[in-house]
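Written below as structure tokens is the structure these notes are about.
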Amino acid sequence: MKYVLIGCGRIAPNHIRAALENRLDIAAVCDILPENMVGLLREFNLQNQNIKRYTDYKKMIDEVRPQVAAVATESWQHAEMALYCIDRGIHVIIEKPMAMNMKDADEIIRRSAEKGVKVCVSHQNRFNQAIQKTRKALEAGHFGRLSHGAVNVRWYRDKAYYDQAEWRGKWAKDGGTLMNQCIHGIDLLRWMFGDEVDEVYGATRRQFHDYIEGEDLGMAIVKFKNGAVATIEGTVNTYQQNLEETLFISGEKGTVKIGGPCVNTIEVWDFADAIENNKGFVEPTENIYGNGHVSLYADFIDAVQNNRKPYVDAVAGRNALEMVLAIYKSQKEGKPVKLPLTDFGSEDMSGEFDE
């Protein structure tokens, strides 16, 4: 299957590794900075392979005509690039967030269905082994009726991080910590609790990072339609290093807490039913991105080949985006927000923390 990668920055090695391990034919890569392409290909000893390099993604798509394209550029470019591929019948893997507003997310869903194209959003943590063990227990009914849950993303980002790229922390191009650092955890929470959300009440702040536009702290209470309630805490203010990303699920017959740097460690595993005890399970990872891209790619390839829905499809990407934007809208309006959202975007938060 002929494959191209758009964007050769921070997350690109995970995509190239996944493409290689799934034996995709890497035909070309694209980045506006040629040195990024050189460094990425050298990292995987691919510099002498017949892999074309482009600085214009449209030219690459039109000349190479791949079957699969991955979009791993700056957040604000994701929707535009994905739609360009979709309109040409190319299956797309989109890095998170899939878009910066609900209108673009819904358009990706609509046009991919119209064109018969598969779309996957890179919420790769769904494939973490700890998450999969918990999901299987949930689907088997071992939790019983769900009561409440929480996701906590307690990370650290300093000024040097934001100085690496001008778009970071900008409302129209990136959003704040909930959109960039915390959307994976928010995706897991919504997915585990059944996806159907009634109401979100959120508060965000820019506590210490006065050189960005977006929030460095976000908190929220989520009411699900099944009666469960959950909390969200996301921050890059944890002094002075990444502390944890944790997911907590409590039901009438079971409690699980998954922690570690990227929800890769099962810290609590208590069930009334006699099921396998997974307490203390750890999946080793090299970084906070985890190992899930390889499995995400494998599933996506199978979905294309067998004409089925990907495990993490465009609707899943929309759901995660909608949760973040609902928190933003709640902050902006000072009141709870009912879902679904149809017309709101990160750019609507412009000036939120300006005095």
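The numbers here are math on the coordinates, done by the rules we state, and not lab data. For clarity, every value in this text was computed on a predicted model and none was experimentally measured. Reconstructed Cβ throughout: ideal geometry from the backbone, glycine too, with neighbour counts over all protein chains shown.
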### Message
For segment 2-124, compute Rg over Rh where Rg is the Cα radius of gyration and Rh is the Kirkwood radius from the inverse mean 1/r over Cα pairs.
### Response
0.95
#### Entry: Kirkwood hydrodynamic radius of segment 119-179, from inverse mean 1/r over distinct Cα pairs, in Å
15.2
### Task
Note down the relative contact order for the chain as a percent, whole number, built from C-alpha pairs under 8 angstrom at least six residues apart.
20
### Query
Using Cα-only point scatterers and the Debye equation, what is log10 of I(q)/I(0) for the chain at each q in 0.06 Å⁻¹, rounded to two decimals?
-0.21
### Message
For residue 221, project a label point 7 Å along Cα to C-beta. Then give me every residue of segment 319-335 with its amide nitrogen under 16 Å of that point.
### Response
327, 330-331, 334-335
### Summary
Scattering profile of segment 154-231 from the Debye formula, Cα beads only, expressed as log10 I(q)/I(0) at q = 0.25, 0.27 Å⁻¹, is -1.14, -1.26
### Message
Please compute the Kirkwood hydrodynamic radius over segment 261-355, one decimal place, Å, based on all pairs of different Cα atoms.
### Response
17.5
### Task
Compute the Rg to Rh ratio over segment 297-338 from the alpha carbon atoms, using the Kirkwood formula for Rh, and round to two decimal places.
1.29
### Task
Please give the net charge around residue 9, taking every other residue with its beta carbon less than 12 angstrom from that of residue 9, where Lys and Arg add +1 and Asp and Glu add -1.
-2
### Task
Name all residues of segment 118-154 having a backbone nitrogen under 15 Å from the label point set 7 Å from the Cα of residue 252 along its Cα→Cβ direction, giving them as ranges.
141-148
#### Entry: Mean Cβ count within 10 Å, highest first, over the residues of peptides 93-105, 57-69
93-105, 57-69
### Summary
Once phi for every residue in segment 212-221 is put through the Karplus expression 6.51 cos²θ - 1.76 cosθ + 1.60 (θ = phi - 60°), the whole-Hz ³J(HN,Hα) values, with Gly and Pro written as x, are 10, 8, x, 7, 10, 8, x, 10, 7, 10
### Query
Are any of the pairs 103/329; 159/329; 96/338; 2/52 more than 20 Å apart by Cα-Cα distance, and if so, which?
159/329; 96/338
### Message
Which three extents, in angstrom, do the Cα atoms of segment 116-271 have along their principal axes, listed largest first?
### Response
47, 42, 29
